1. Can you list the equivalent-ellipsoid semi-axes of segment 17-100, largest first and in whole Å, using the square root of 5 times each Cα gyration tensor eigenvalue?
2. Among Pro50, Thr94, Thr28, which residue has its Cα furthest toward the positive end of the charge dipole of segment 17-100, with +1 on Lys/Arg Cβ and -1 on Asp/Glu Cβ?
3. So how far apart, in nm, are the two label points at Ala44 and Trp80 if each is 7 Å from Cα heading toward Cβ?
4. Using 0.36 nm times the number of residues separating Thr97 and Thr28, minus their current alpha carbon distance, what extension gain do you get?
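Derivation of every value follows stated rules applied to the coordinates shown; laboratory data play no part. It should be emphasised that the depicted structure is a prediction, and the values quoted were computed from it without experimental measurement. Quick reminder, even Gly has a Cβ in these numbers, built from the backbone with ideal geometry, and neighbours come from all protein chains shown.
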Amino acid sequence: MSMQSQGVSAQEPTPQVSYSFTACFSVTASSEPNTLSRVLEPFAKRGLTPAHVYAMRTGTNGETMQVDLQLANTDADTAWRLANDLRGLYLVDTVLTSEKRYAERA
């Protein structure tokens, strides 16, 4: 007996969904002349260029620097390693991470 005679039609294949992953890092560090270059160093060592970098001095006397970075098209392992490298920098106080994902039809 065919599937048509039983009242069940063949199903279309489900489209593949791929994800574009953007890792986001929010770094709080002491504001020194070399802070920004040190924060960018873990990316440069891996041959990576952040898609977005925003840095601002904060605090009452500008003693703190807030650096927000986004790295497009990355994987969780790379993001985890970068965050740990950033946390190991002597100028860095805090590193917060998040991720952005966008569904795209294949």
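1. Working: eigenvalues 110, 32, 22 Å².
Working from the Cα gyration tensor, I get semi-axes of 23, 13, 11 Å.
2. Pro50
3. So the two model labels end up 2.7 nm from each other.
4. Values: separation 69, 0.36 × 69 = 24.84 nm, distance 1.18 nm.
Stretched fully, the Thr97-Thr28 segment lengthens by 23.7 nm.
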